[in-house]
Amino acid sequence: MSYEGVAAFKDISFSVESGDYLLILGENGSGKSTLVKGILGLKEPSAGKIAFNGITPRQIGYLPQQNAIQKDFPATVQEVVLSGCLGAGGFCPFYTKKQRQAADKSIRHLHLEDIRKKSFRDLSGGQQQRVLIARALCATDKMLLLDEPVTGLDAVMTAELYDITEHLNKVHKTTIIMISHDIANALKYANKVLHLSAGNSFFGTAEEYVRTDFYKNMTGGGNNAEYSC
Amino acid sequence: MPSILAEMLSYDFILRALLVGLLVSLCASLLGSSLVLKRYSMIGDGLSHVGYGALAFAAAFNLAPLYVAIPVVVAAAFFLLRLSQNSRLKGDALIAIISSSALAIGMIIISVFQVNIDVNSYMFGSILALQQEDVAVSVVSSLAVIALYILFYNKIFSVTFDESFSKATGIKTGLYNGLIALLTAVVIVVGMRLMGALLISSLVIFPSLTAMRVCKSYRGVTVFSVVISIVCFITGLVITFYLPVPTGACIVVVDLAAFLICTLVGKIKSAVRK
């Protein structure tokens with residue numbers, strides 16, 4: 001399983017192998033969301049290509065950025081997780097037994113059994129993210145794409161979320177792609193880093209990345225471009 | 001009480017109002033949860049004003065009202081949803097523009113063509129407004145709305161809850177947003193004769209908002225809002241039989257009462273849990 005992307009926003013190729021933990025970094029407007037759309041198969045790259053090998057875009061579990069609508073949404077954990085199975089159902093109007101089993105498995109997987117009847121709006125931010133990961137895992141456990149998952153979470157919940165991704169990655173061999181601003185924490189878990197930037201971008205292992213200027217700038221070692229405006 | 005009910009039901013116009021009203025209340029409350037949660041609470045208001053314009057047009061040229069109003073309002077609903085996705089004008093501003101413009105155009109048509117219609121009944125509804133042929137169209141379209149909603153319930157839930165995720169899993173979100181727009185438009189047009197252009201949106205938003213105070217699950221909200229909607233409609237209709245008050249307004253006030261009661265119950269419930 002691998003793909004290489006050469007997108008219009010910059011000349012960068014990168015590949016993800018099964019079992020990788022890729023961290024995608026970059027300033028706002030550097031093309032992260034375009035890349036996400038490309039990976040999910042929602043947008044054709046205007047130049048270059050994204051090649052999938054042994055996986056289709058539909059087999060990528062997706063955790064989108066949090067949206068305001070969900071904050072007061074009256075739906076149980078069970079209902080939310082089940083909705084993750086819909087993509088595979090085609091035109092079938094109701095959930096099949098197989099879909100319900102997939103949802104149950106996902107719920108057990110993320111230890112949501114005790115809160116499955118609770119309302120999504122009554123959960124803490126960390127619990128909500130766990131539910132949404134469970135939903136994403138309904139369709140697949142091959143690859144999980146998380147778009148800024150720790151935004152708005154406190155330190156304890158953030159640590160918990162990283163533990164979940166690490167567990168999925170190490171124990172279940174789920175490939176993780178995470179987009180994050182939380183570079184200090186996320187780097188501990190990732191084995192590969194893709195840094196998108198208007199000028200030149202970086203792709204390599206996490207060890208290589210910490211020796212680059214990108215890393216020094218991001219962590220405040222040098223002149224940080226983000227503060228200059 | 002039973003004798004009064006029997007007396008009520010002996011009037012043809014009440015029977016018609018009851019039948020259409022029940023179906024419209026049911027449909028409106030089904031769609032309500034999705035619209036409220038997608039922050040489209042005012043869409044009913046906007047569309048009903050477009051409906052008013054269309055009905056004025058139909059009256060001016062002697063056309064069958066529903067056959068003109070349904071396509072026009074459906075077009076407006078699509079226009080609203082499409083445009084607010086892609087343009088700088090956001091949903092609420094767009095609804096405000098469309099609804100006041102359609103109202104203004106309707107008023108001009110009425111005065112230019114000297115149309116002899118009761119503006120009051122268009123604005124605030126009338127149980128006398130339903131003609132025999134309206135009933136058939138109303139019943140058929142309401143049943144279609146209910147059937148489509150049940151068939152696509154799960155997908156509508158998913159698209160309402162999280163559009164980006166739904167899109168990523170291969171659900172055609174544009175199609176289902178379009179479906180919601182279509183169903184909403186039909187319900188608004190069918191219901192506005194009874195409730196009036198100014199009051200029909202309450203039928204869409206009140207039951208769902210009320211149910212959301214006390215229910216935890218989406219299914220619970222959906223089912224309970226249907227029950228509330230129907231109970232409030234019947235209560236309102238019965239009250240207007242006793243008191244000299246307009247039906248539409250009375251139903252809205254009963255809906256408001258139900259909302260306040262359920263808000264209180266919800267508050268007490270969450271206080272007890274703590």
Q) Rounded to the nearest 0.05, what FRET efficiency do B:A75 and A:D104 have when you use their Cβ-Cβ distance and R0 = 30 Å? A) 0.10
Q. For the range A:59-72, what does the Karplus curve 6.51 cos²θ - 1.76 cosθ + 1.60, with θ = phi - 60°, yield as ³J(HN,Hα) per residue in whole Hz, taken in order and with x for Gly and Pro?
A. 8, 9, x, 10, 10, x, 4, 5, 10, 5, 4, 6, 4, 10
Q. How big is the gap, in Å, between the Cα center of the range B:97-149 and the Cα center of the range A:149-185?
A. 54
Q: Provide the descending list of Cα extents for chain A along its principal axes, expressed in whole angstroms.
A: 52, 36, 32
Q. Taking square-rooted eigenvalues a ≥ b ≥ c of the alpha carbon gyration tensor, is the range A:116-178 rounded, prolate or oblate, where a/c under 1.5 means rounded and, failing that, a/b exceeding b/c means prolate?
A. oblate
Q.
How high is the relative contact order of chain A? Use alpha-carbon pairs under 8 Å, at least six apart in sequence, and give a whole percent.
A. 29
Q | Inter-part distance where the range A:56-125 and the range B:19-79 are each reduced to a Cα centre, Å | A | 33
Q: For the range A:61-211, give the share of DSSP beta bridges that are antiparallel, in percent and rounded to the nearest 5; count only bridges with both residues there.
A: 40
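Defining a contact as two alpha carbons under 8 Å apart and six or more residues distant in sequence, what relative contact order in percent does chain B show?
Relative contact order for chain B comes out at 30 percent.
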Q: Any chance you could check the Cα centroid distance between the range B:236-254 and the range B:164-178 for me, in angstrom?
A: 41
Q | Long-range amide H partners of A:I12 with built H, under 5 Å | A | A:A7
(Q) Within the range B:157-184, name every residue whose backbone N is under 18 Å away from a label modeled 7 Å from Cα of B:R82 along the Cβ vector. (A) B:173-184
Q: Compute the distance in nm between two label points, each set 7 Å from the Cα along the Cα-to-Cβ direction, one at A:N185 and one at B:I4.
A: 6.2
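For the protein assembly as shown, what is the percent of antiparallel DSSP beta bridges, rounded to the nearest 5?
Restricted to the protein assembly as shown, the bridges split so that about 25 percent are antiparallel.
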Q.
Based on the alpha carbons, how large is the Rg to Rh ratio for the range A:66-141 when Rh follows Kirkwood?
A. 0.96
Q) So which trypsin sites (Lys or Arg not before Pro) in the range A:167-222 end up in coil per DSSP with only 13 or fewer other C-beta atoms within 10 Å? A) A:K173, A:K188, A:R211
Q: Rounded to whole Hz and in sequence order, give me ³J(HN,Hα) for the range A:152-160 from the Karplus expression 6.51 cos²θ - 1.76 cosθ + 1.60, θ = phi - 60°, writing x for Gly and Pro.
A: x, 9, 7, 4, 5, 5, 4, 4, 4
Q: Give the range of the longest stretch in chain B that excludes all chymotrypsin sites (Phe, Trp or Tyr not before Pro) found in loop regions by DSSP and having at most 14 other beta-carbon atoms within 10 Å.
A: B:114-274
(Q) Compute the angle between helix A:125-139 and the longest alpha-carbon principal axis of chain A, please, reported from 0 to 90 degrees and rounded to the nearest 10. (A) 80
Q) What range in chain A is the longest one free of chymotrypsin sites (Phe, Trp or Tyr not before Pro) that are in a loop by DSSP and have at most 11 other Cβ atoms within 10 angstrom? A) A:95-229
Q: Apply 1/(1 + (r/R0)^6) to the Cβ-Cβ distance of B:K90 and B:L175, taking R0 = 30 Å, and write down the FRET efficiency to the nearest 0.05.
A: 0.85
Q | Shape call, the range B:147-274: gyration tensor on alpha carbons, a/c limit 1.5 | A | oblate
Q: Could you pull out every whole DSSP H run in chain B that spans at least 30 Å of Cα extent along its own axis and averages 0.0 or higher on the Kyte-Doolittle scale?
A: B:12-37, B:65-86, B:91-112, B:173-195, B:218-242, B:247-273
Q: If a/c stays under 1.5 just call it rounded; otherwise compare a/b with b/c (prolate if a/b is bigger, oblate if not). Do that for the range B:2-268, with a ≥ b ≥ c from the square roots of the Cα gyration tensor eigenvalues.
A: oblate
Q | Neighbour cut-off at most 16 other Cβ (10 Å), DSSP loop, trypsin sites (Lys or Arg not before Pro), the range B:70-154 | A | B:R88, B:K90
Q: Choose one of B:S217, B:A58, B:V272: the residue whose Cα lies farthest towards the positive end of the charge dipole of chain B (beta-carbon charges +1 Lys, Arg; -1 Asp, Glu; about the Cα centre).
A: B:V272
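Values in this text are rule-based calculations from the coordinates and carry no lab data. Please read all numbers here as calculations on a predicted model, not as lab measurements. Methodologically, a virtual Cβ is constructed for each residue, glycine included, from the backbone with ideal geometry; neighbour enumeration extends over all protein chains shown.
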